[in-house]
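Take a look at the structure set out below.
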Amino acid sequence: MDTYKNKTAFITGAASGIGLALTKALTAQGANVMMADINGKALTAAAKTVKTGRGKGKVETIICDVIKPLDVKTAAKATQNAFGNVHMVFNNAGVGLAGKPGNIPLKDWRWITDINLMGVVYGVEMFVPMMTAHGEPSHIINTASMAGHMTMGGMAPYHATKFAVVGYSESLAQELAATNIGVSVLCPTWVKSNIYNGAAGRPTAQEKSAPKSEPDEAAAALYNMTKGLVDNGMTAEKYAALVLKSVLAGRFYVFNDPEARAAINMRRASILKDYDACLADLNEM
């Protein structure tokens, strides 16, 4: 793909944050966008902020719950009906979830896995056959996180799903290497959004009969730290511009934080240390 003009994109989580910023950036370059989100009211309001007009792309909206394959399938057909061939799929919807091992309800684990991982899978499974059929240059863009390359305590569910998206995307890129479909995985650190409030939608938080738990000081501290970092992070608009530039350049990973290099190097060193130690033990057996 060498231009966005007259191309069609489908974006989940498009009512805010990176999804909305991508919509604005793409339409400004002449692409048509189907904005998808679970929150219909927020989606309608967001779409009104996207300026379209002569020489610019158009937008349509559709309510889509990415944990429901039928919703994604319906959205795929609606996108094709509205704009024709689909060239870009941004599997961007995501949520956060923190907690201590042994203290995270399994229904909440399923919830974050369904959104952060299976929502990506459904997008790929529904759109890749369409892209393959029309044969035009296309691209799958999956939103992971730097949390898919490095870890911190208290965020196991989030890390698990983001590591999964990175691994899935790496395999997907290999699978599609011989086709006209490129793949990129977004791995930002702190980008301004409302993701730190996403856990409010978890199943146990929605249960009116759920017993009130004692305040968790560690969880509160983690939330406040995350909120501060996100609120002071890179603007979604700047990251969206980087994403679009990276897609045209054919990059697979889209990073944004020079300070994260140290964490990647530390992880690499830790892996190689144990790798070499295990091989040394095997040589002595």
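Miscellaneous remarks
- Computed from backbone phi with θ = phi - 60° and the Karplus coefficients 6.51, -1.76 and 1.60, the 3J(HN,Hα) list for the range 153-167 is x, x, 10, 3, x, 5, 4, 4, 6, 6, 4, 4, 5, 5, x Hz; x is used for glycine and proline.
- Arranged from fewest to most other beta-carbon atoms within 10 Å of their beta carbon, 270, 193 become 270, 193.
- Converting phi to 3J(HN,Hα) with the Karplus coefficients 6.51, -1.76 and 1.60 and the offset θ = phi - 60°, the range 234-243 yields 5, 5, 4, 5, 5, 5, 4, 4, 5, 4 Hz in sequence order, with x at every glycine or proline.
- Footprinting exposure proxy ranking of 171, 16, fewest other C-beta atoms within 10 angstrom first, gives 171, 16.
- Above-threshold pairs, the threshold being 18 Å between Cα atoms, out of 5/58; 7/58; 73/192: 73/192
- Amide H contacts of residue 182 (H built 1.01 Å from N, under 5 Å, at least 5 apart or other chain): 138, 139, 140
- Working from Cα pairs under 8 Å separated by at least six residues, relative contact order for the chain is 18 percent.
- Database remark: amide H of residue 58 closer than 5 angstrom to the amide H of 32, 33 (H placed geometrically; neighbours at sequence offset of 5 or more, or on other chains; Pro and chain starts carry no H).
- ³J(HN,Hα), Karplus 6.51/-1.76/1.60, whole Hz, each residue of the range 129-136, x for Gly, Pro: x, 5, 5, 4, 5, 7, x, 7
- Under 5 Å from the amide H of residue 253 lie the amide H atoms of 185, each residue being 5 or more positions distant or on a separate chain, with H modelled from the backbone and absent for Pro and chain starts.
- Charge sum, other residues only, whose C-beta stays under 13 Å from residue 145's C-beta, Lys/Arg counted +1 and Asp/Glu -1: 0
- Proximal charge balance of residue 82 [Cβ under 13 Å; K/R count +1, D/E count -1]: +1
- Among (i) 64, 55, 34; (ii) 96, 43, 33; (iii) 45, 39, 37, the entry derived from the coordinates for Cα extents along the principal axes in Å: (i)
- Footprinting exposure proxy ranking of 118, 266, fewest other C-beta atoms within 10 angstrom first, gives 266, 118.
Each reported figure results from applying straightforward, stated rules to the coordinates on display, with no laboratory input. All figures in this text were calculated on a predicted structure; none of them were measured in a lab. Here the Cβ is made from the backbone with ideal geometry for all residues, glycine too, and neighbour counts use every protein chain on show.
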